[in-house]
Amino acid sequence: MAPKAPPRLGGVVRPPGDKSISHRVLMLAALARGKSELSGLLTGDDVKSSARVLRQLGADISTIRDSMVKVSGARLTAPGARLNCGNSGTTARLMLGILAGQKFAATLTGDASLRRRPMRRVTEPLKQMGADINERGDGLPLTIRGGTLRGLTYASPVASAQVKSAILFAGLTGQVPVAITEPYRSRDHTERLFAHLGLGIHERDGAISYQPSAVSIPAFQISVPGDPSSAAFLVAAGVLASAGELLIENVGVNPTRTGFIVVLERMGAQVERVNLRDEGGEPVADLLVRPAQLRSTEVTAAEIPTLVDEVPILAVLASRARGATVFREVGELRVKESNRLDLIAANLRAVGVKAEAQNNDLHVEGSERPPRGKVETASDHRLAMAFAVLDTVEGADVKLSERKSVAISYPGFFDDLGKTGARRTAHGAR
Ligand code: S3P
């Protein structure tokens with residue numbers, strides 16, 4: 001096959017709505033009194049899973065589209081069937097928090113990947129609050145019967161926004177005070193939304209606490225910013241291109257999510273933030289990206305929660321940088337949609353890069369050779385997108401085992417990647 005010409009960047013792209021915020025606004029709107037209007041929602045499969053589950057519990061939610069979704073909140077009622085959370089860990093874990101405060105039983109399940117993911121990190125604190133949870137192992141399916149809860153002060157052993165949010169939601173629906181500390185600060189979208197809606201949220205000395213107040217959750221209108229985790233793939237394509245400039249519009253730049261940009265700038269790239277503004281309590285900007293020569297770096301354990309979903313694409317970028325990059329304490333990646341830690345390393349090796357998972361660290365050695373080989377995505381959307389971006393570099397020949405998993409978080413990914421001007425091939429199963 002003839003080698004590809006160096007890609008030239010150009011144009012303007014808009015990533016889809018933030019996945020984390022989309023789940024949370026849907027859930028809060030379902031709990032609110034009255035009709036809420038949500039715009040800019042992600043239309044990916046994970047958000048549809050949250051909508052489906054909330055509808056089974058009695059919420060009236062219009063079709064999930066990015067223009068406008070109307071939600072009529074209601075008192076939640078017992079579901080007639082199991083709640084299938086699909087591939088979505090956020091749906092399962094946050095819904096457990098919401099269900100902890102309801103006076104009925106519900107059984108949650110999910111697809112094969114989700115059923116393998118740990119749930120005890122959430123069920124443990126919820127049980128301490130008084131929820132009755134019937135689980136067979138550390139995963140789904142499980143049955144939760146909520147009810148009268150007691151308050152909780154909890155030191156989470158993991159820096160997980162899902163754990164923190166589940167406890168905050170349990171406090172909200174059970175109307176009891178909760179306080180949470182975590183080893184490192186995880187994304188704070190739940191806290192910001194609580195504050196935006198006037199729900200009693202406070203932070204002091206790194207502890208997040210919720211204090212119930214008598215008022216019900218008001219219906220609201222909100223615009224969801226673009227997802228920085230999805231934008232990261234476009235930014236990476238921009239950095240790896242050989243010439244040109246790319247504008248990525250409407251990207252959330254909440255500091256608990258922008259570790260990717262911080263690390264990339266340390267590696268020698270420049271990601272300019274322009275048109276900085278606020279949307280519903282979240283900072284938003286447009287990102288201007290240009291190609292760059294990258295150098296290796298060390299990504300610290302404290303940085304990981306701010307870029308936890310970006311490790312696959314950062315590892316791909318590290319494979320094109322000068323020198324050896326190490327990601328410290330990324331053991332959490334073993335329990336994402338796939339065993340991302342081992343798969344990133346194995347897939348980089350499969351395309352000719354030296355990479356290794358050692359204990360909980362990931363080591364990647366940069367290379368100038370064109371990446372060539374077959375990649376196993378294990379139906380993990382972020383692996384598929386990361387390696388699709390690697391396939392845009394000059395001379396690359398990276399074949400994906402599948403590409404439809406991108407619909408989980410970024411249904412229009414391949415179209416948008418094409419719009420950046422970065423070269424794309426017809427590789428991979430469709
Ligand atoms: C998420 C939190 C992160 C992230 C996931 C979404 C959220 O998981 O990986 O994609 O919306 O709260 P953890 O909280 O388990 O780290």
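Derivation of every value follows stated rules applied to the coordinates shown; laboratory data play no part. Because the structure is a prediction, the values reported are computed rather than measured. Glycine gets a Cβ as well: all are built from the backbone with ideal geometry, and neighbour counts include every protein chain shown.
Tabulated data for the structure shown
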read-out	value
Share antiparallel - DSSP beta bridges, segment 1-129, percent rounded to 5	75
For segment 21-39 versus segment 113-174, the gap between their alpha-carbon centres in whole angstrom	21
Radius, Kirkwood style, for segment 19-223 when every pair of distinct Cα atoms is counted (Å)	16.6
Segment 234-370 - Rg over Rh from alpha carbon coordinates, Kirkwood radius	0.98
Protection proxy ranking of 101-113, 25-37 - average other beta-carbon atoms within 10 Å, highest first	25-37, 101-113
Under Karplus coefficients 6.51, -1.76 and 1.60, residue-wise ³J(HN,Hα) of segment 203-210 in Hz, glycine/proline x	10, 9, 6, x, 9, 9, 10, 10
Long-range amide H partners of M119 with built H, under 5 Å	G139
Three-way shape call for segment 261-323 based on the alpha-carbon gyration tensor, with the a/c threshold at 1.5	oblate
Antiparallel %, DSSP beta bridges [both residues in the chain], to 5	65
Vicinal HN-Hα couplings computed from phi for segment 298-310 (Karplus, 6.51 cos²θ - 1.76 cosθ + 1.60; Hz; Gly/Pro x)	10, 9, 7, 4, 5, 7, 4, x, 7, 8, 4, 7, 9
Built amide H within the under 5 Å cut-off of V398, gap 5+	G373
Cα gyration tensor shape of segment 103-184, rounded if a/c is under 1.5, else prolate or oblate by comparing a/b with b/c	oblate
Nearby lysines by direct alpha-carbon distance to K35 (threshold 25 angstrom, same-chain neighbours under 8 apart not counted)	K19, K48, K70, K103
Hz values of 3J(HN,Hα) by residue in segment 231-238 - Karplus curve (6.51, -1.76, 1.60), Gly and Pro given as x	4, 4, 5, 6, 4, 4, 4, x
Between 0 and 90°, nearest 10: helix 89-100 axis offset from the chain longest Cα axis	10
Estimated D of the chain in µm² per second, where Rh is the Kirkwood radius over Cα pairs and Stokes-Einstein applies at 4 °C, 1.567 mPa s	59
Anchor K374: aspartates and glutamates whose Cα lies under 18 Å away (excluding residues fewer than 8 positions away in-chain)	D342, E356, D391, E394, D397, E402
Nonlocal amide H pairs with D361, under 5 Å, H built at 1.01 Å	E329, V330
Euclidean distance between Cα centres, segment 354-418 to segment 233-298, Å	19
Computed helical MRE - 222 nm, the chain, DSSP H runs ≥ 4 contributing -39500 (n - 2.57), nearest 500	-9000 deg cm²/dmol
